[in-house]
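Below you'll find the structure, written out as structure tokens, and then a few comments.
The values are calculated or read from the model by the stated rules, or taken from the named source; none is laboratory data. Since we're looking at a predicted model, the values are computed, not measured. Cβ: placed from backbone, ideal geometry, glycine included. Neighbour counts: every protein chain shown.
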Amino acid sequence: MNIACGYTIPITLFGIPPSPTDHLKGMEIVGQAGFKAIELEFYDELIDAHRRDLKQMQAILGRYGMTVPSIMAVEEKMFSLDRSLKEKAIQDFDSITDLVAELGAPLVSICGYMPPEIRPEGTELYVGGPPTAVSVSDDFSWPGFWANAVDIVGRCAAIAQRKGLTLIIETRANDVFGSTDAIMNLIRETGADNMGVILDVAHVHAGKEYLALVIPKLSGLIKLVHLSDNDGSQAHHYAPGKGTIDFQAVIRSLKLAGFDGTVVIDISGADNILEEAVKARAYFQALIDGVRI
């Protein structure tokens, strides 16, 4: 397994979304910290800036010998039932995947962000995280919403496939696809064969799902893993050891499932976030090297 620095580190340092300048600065900081891989996020409202800065991103990656295992396409209105918003989101996804392919990332990821039809009522636990409560209008139809989501994800998978990319969905508690079963059903109903999941262990733990069962259940669908800790009550993204997740068991289960891809340091919110990320890298590297099956 390889270890990458998550985009939660630049977000913690600079806010969300980081400005184009801070995006580049964040990549530099991660490279200077000795990481050899970094997960990135591209935002629909910043596509022109991302395209303009692409060569600078490539230069930073080359300078530090870093690779990009995955890039998140951040489109908060993607799952809207409004046709104009939906079509704009798909066009933006097409543009973002062009950039993903040019940076050499094999994976493009999405989240089940709450669209305008689902109104956040609670607070975010961390910057960029899902809300803790929502409300919907009286005429909200889940079957209609689900059918729309299947259509959107299927179209995005087709766009990704044309560019040699795998589309992955993050397992996030309190997203519109807030369980691993929901994501598995979504993937199955699209019928796409270039799809998988980001296993976010902190979200799965907070969603009251057993990691010991989820990992073999998802098995071959796991294309990337987000690693952070919490006590299972809420989807906080703490450094390892500050919650109750048994990471030795997680790494062992991943190895038994045949996963040999990238794990991402996905901690958030700490004042000394970069120092915590470096410490977490050493902790997880020791587990990866030491756990035997």
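Remarks
- Of all residues in the range 32-46, those satisfying the criterion of being crowded, with 17+ Cβ neighbours inside 10 Å and either under 25 Å from G261 (Cβ atoms) or touching an Asp or Glu at 6+ places or on another chain (Cβ under 8 Å) (or both) are F35, A37, I38, E39, L40, E41, F42, Y43, D44.
- You will find that of I96, I169, I90, I110, the residue that is in contact with a Gly (Cβ under 8 Å, 6 or more places away or on another chain) and closer than 20 Å to M195 by Cα is I169 and no other.
- Some residue of the range 175-186 being in contact with a strand residue (DSSP E or B) (Cβ under 6 Å, 6 or more places away or on another chain), closer than 30 Å to L103 by Cα and of a type outside the set (G, A, S): yes
- Residues that are under 18 Å from the mean Cα position of the chain (by Cα), under 19 Å from A270 (Cβ atoms) and among the aliphatic types (A, V, I, L, M), drawn from the range 14-38: I16, V30, I38
- Here the condition is being in a helix (DSSP H, G or I), within 25 Å of Q285 (Cα to Cα) and either in contact with a helix residue (DSSP H, G or I) (Cβ under 8 Å, 6 or more places away or on another chain) or of a type in the set (G, A, S) (or both); of I96, I47, I71, I29, it holds for I29 alone.
- Whenever a residue of the range 278-293 is in a loop (DSSP other than H, G, I, E, B), its partners that are of a type outside the set (S, T, N, Q) and surrounded by 10 or more Cβ atoms within 10 Å (Cβ to Cβ), lying with C-beta atoms within less than 8 angstrom and at least six residues away or across chains, give the pairs V291/I251; V291/R252; V291/K255; I293/R252; I293/K255; I293/L256.
- Yes/no for E102 being in contact (Cβ under 8 Å) with a residue 24 or more places away in the chain, under 15 Å from A73 (Cβ atoms) and over 18 Å from the mean Cα position of the chain (by Cα): yes
- One residue stands out among those in the range 76-93 that are part of a helix (DSSP H, G or I) and in contact (Cβ under 8 Å) with a residue 60 or more places away in the chain: the one that is surrounded by the fewest Cβ atoms within 10 Å (Cβ to Cβ), which is I90.
- Only a single item in (1) surrounded by fewer than 18 Cβ atoms within 10 Å (Cβ to Cβ); (2) within 23 Å of E39 (Cα to Cα); (3) hydroxyl-bearing (S, T, Y) is not met by Y238, and it is number (1).
- Among residues of the range 251-287 being over 18 Å from the mean Cα position of the chain (by Cα) and of a type in the set (S, T, Y), the one that is surrounded by the fewest Cβ atoms within 10 Å (Cβ to Cβ) is Y283.
- If the condition is being touching a strand residue (DSSP E or B) at 6+ places or on another chain (Cβ under 9 Å) and part of a loop (DSSP other than H, G, I, E, B), then the range 196-230 contributes S228, N230.
- Near pairs, Cβ below 9 angstrom, 6+ apart or cross-chain, from the range 20-31 (closer than 17 Å to A277 by Cβ and buried (at least 16 other Cβ atoms within 10 Å of the Cβ)) to any residue that is at pLDDT below 95 and small (G, A, S): D22/G15
Residues are listed down the side, and each one gets a yes or a no for (1) assigned to a helix (DSSP H, G or I); (2) closer than 18 Å to A89 by Cα; (3) at pLDDT 90 or above:
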{"residue": "P116", "(1), (2), (3)": "no, yes, no"}
{"residue": "Y126", "(1), (2), (3)": "no, no, no"}
{"residue": "F140", "(1), (2), (3)": "no, no, yes"}
{"residue": "A147", "(1), (2), (3)": "yes, yes, yes"}
{"residue": "D151", "(1), (2), (3)": "yes, yes, yes"}
{"residue": "Q161", "(1), (2), (3)": "yes, yes, yes"}
{"residue": "L167", "(1), (2), (3)": "no, yes, yes"}
{"residue": "A173", "(1), (2), (3)": "no, no, no"}
{"residue": "R188", "(1), (2), (3)": "yes, no, yes"}
